[in-house]
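The structure appears below as structure tokens.
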Amino acid sequence: MTSKSYVLRFFYFAFACLLYSIWRAVDSLLQVELTGKYEHSPIVTANNTLTLLKKETGIG
């Protein structure tokens with residue numbers, strides 16, 4: 001089911017872009033802090049994040 005409201009669809013798009021940008025910024029800052037250099041392959045992956053959330057919250 002999709003929304004026909006362009007305002008809502010734009011909000012979802014903008015929010016997804018914001019989340020992606022935050023994820024890439026956190027990943028690059030962690031790479032520089034841990035290794036001293038930046039590589040294009042991420043060290044903060046969805047799998048790492050989900051594993052951490054499961055461990056910390058006990059959900060899943």
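For the range 26-47, how many residues are of a type in the set (S, T, N, Q) and surrounded by 12 or more Cβ atoms within 10 Å (Cβ to Cβ)?
Adding up the residues that qualify gives 3.
Kindly indicate whether Leu52 is on the phi < 0 side of the Ramachandran plot, within 13 Å of the chain's Cα centre (by Cα) and either exposed (fewer than 10 other Cβ atoms within 10 Å of the Cβ) or at pLDDT 85 or above (or both).
No, not satisfied.
Which is modelled with pLDDT of 90 or more, within 14 Å of the chain's Cα centre (by Cα) and surrounded by 10 or more Cβ atoms within 10 Å (Cβ to Cβ), of Tyr20, Tyr12?
Tyr20
Return the pairs, sorted by first residue and then second, in which the second residue is loosely packed, with under 10 Cβ neighbours inside 10 Å, the first residue lies in the range 32-60 and is within 16 Å of Ile22 (Cβ to Cβ), the beta carbons are less than 7 Å apart, and the residues are 6+ apart or on different chains.
Here the result reads none, with nothing in the range 32-60 linked to a residue that is loosely packed, with under 10 Cβ neighbours inside 10 Å.
Among the residues of the range 28-46, is any within 11 Å of the chain's Cα centre (by Cα), part of a helix (DSSP H, G or I) and of a type in the set (S, T, N, Q)?
no
The values are calculated or read from the model by the stated rules, or taken from the named source; none is laboratory data. Since we're looking at a predicted model, the values are computed, not measured. All Cβ positions, even for glycine, are placed from backbone atoms using ideal geometry, and neighbour counts span all protein chains on display.
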